[in-house]
1. Among the residues of the stretch 1-33 satisfying the criterion of being at pLDDT 80 or above, open to solvent by 80 Å² or more (accessible area, probe 1.4 Å) and among the aliphatic types (A, V, I, L, M), which is farthest from residue 47 (Cα to Cα)?
2. Could you count how many residues in the stretch 1-48 are among the polar types (S, T, N, Q), more than 26 Å from the chain's Cα centre (by Cα) and under 25 Å from residue 146 (Cβ atoms)?
3. For the stretch 40-81, which positions are open to solvent by less than 100 Å² (accessible area, probe 1.4 Å), more than 29 Å from residue 91 (Cβ to Cβ) and at pLDDT 75 or above?
4. Answer with yes or no whether residue 81 is under 30 Å from residue 19 (Cβ atoms) and part of a loop (DSSP other than H, G, I, E, B).
5. Would you please name the residue that is modelled with the lowest pLDDT, looking only at residues in the stretch 115-144 that are more than 16 Å from residue 37 (Cα to Cα) and open to solvent by less than 40 Å² (accessible area, probe 1.4 Å)?
6. Given 60, 123, which one is closer than 30 Å to residue 27 by Cβ and in contact (Cβ under 8 Å) with a residue 24 or more places away in the chain?
7. List every residue pair whose Cβ atoms lie under 6 Å apart, where the two residues are 6 or more positions apart in sequence or sit on different chains, the first residue falls within the stretch 73-99 and is without any contact (Cβ under 8 Å) to a residue 60 or more places away in the chain and over 14 Å from residue 63 (Cα atoms), and the second residue, located anywhere, is in a loop (DSSP other than H, G, I, E, B) and basic (Lys, Arg).
8. Would you confirm, using the coordinates I've provided, whether residue 112 is hydrophobic (A, V, I, L, M, F, W, C) and open to solvent by 80 Å² or more (accessible area, probe 1.4 Å)?
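The values are calculated or read from the model by the stated rules, or taken from the named source; none is laboratory data. Since the model is a prediction, treat every value here as computed from it, not as a measurement. Note: ideal-geometry Cβ built from the backbone for every residue, glycine included; neighbour counts use all protein chains shown. With ligands, DNA and RNA removed, areas are computed over all heavy atoms of the protein, side chains included. Shrake-Rupley method; radii C 1.70, N 1.55, O 1.52, S 1.80 Å.
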Amino acid sequence: MAETRKVQVTGGSTFTVSIPKEWATENDVEAGSRVQFHPEDHSLILTPVSEEGRTEGSLDVAGLEGEELRRAVMTMYVSGFDVIAFEADRITTDQRREIRQAAQGLVGLEVLEETAERVVVRDLLDSSELSIHNAVDRMRLIASSMLEDAV
């Protein structure tokens, strides 16, 4: 459902456009909130900027091995945690290897810290730029542009 807004000039050198209140409310955008613009060919994609810090999570991996441990790493990753601590009284060499291999197989994850009781991985990518919603919006804009070019 596309809305049309009029571009206005403020201060002689700045263009402004209002955003729909319904969208702003749904995305927790209010006066003073920050938003990002992502240029995409002849379009701009607008996303709210989260003011929160990185989300951290931890998981007790005592007793987890092999495929079960790999799935646990993936579950924490897809749950949206930016920093994940895998902890146990003693993390075995096999567990460390599984965590490292799982992290290498996921986009943006890197091992930050390894001790006898803990392995910490961090997502180095900005998740707001990689959200499914943004990806679908970009695909829609690209497909619309391609259709216009074809017609």
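1. Across the stretch 1-33, the extreme among qualifying residues is 9.
2. If we filter the stretch 1-48 for residues that are among the polar types (S, T, N, Q), which is where we start, we get 4, 8, 10, 13-14, 16, 18, 25, 27, 33, 36, 43, 47.
Filter again for more than 26 Å from the chain's Cα centre (by Cα), leaving 4, 8, 10, 13-14, 16.
With under 25 Å from residue 146 (Cβ atoms) added as a condition, the list becomes 4.
Final tally of qualifying residues: 1.
3. 43, 45, 46, 47, 48
4. Answer is yes for this residue.
5. 123
6. The unique qualifying residue is 123.
7. Here the result reads 82/54; 83/54, each pair linking the stretch 73-99 to a residue that is in a loop (DSSP other than H, G, I, E, B) and basic (Lys, Arg).
8. Values: hydrophobic (A, V, I, L, M, F, W, C): yes; open to solvent by 80 Å² or more (accessible area, probe 1.4 Å): yes.
Criteria met by residue 112.
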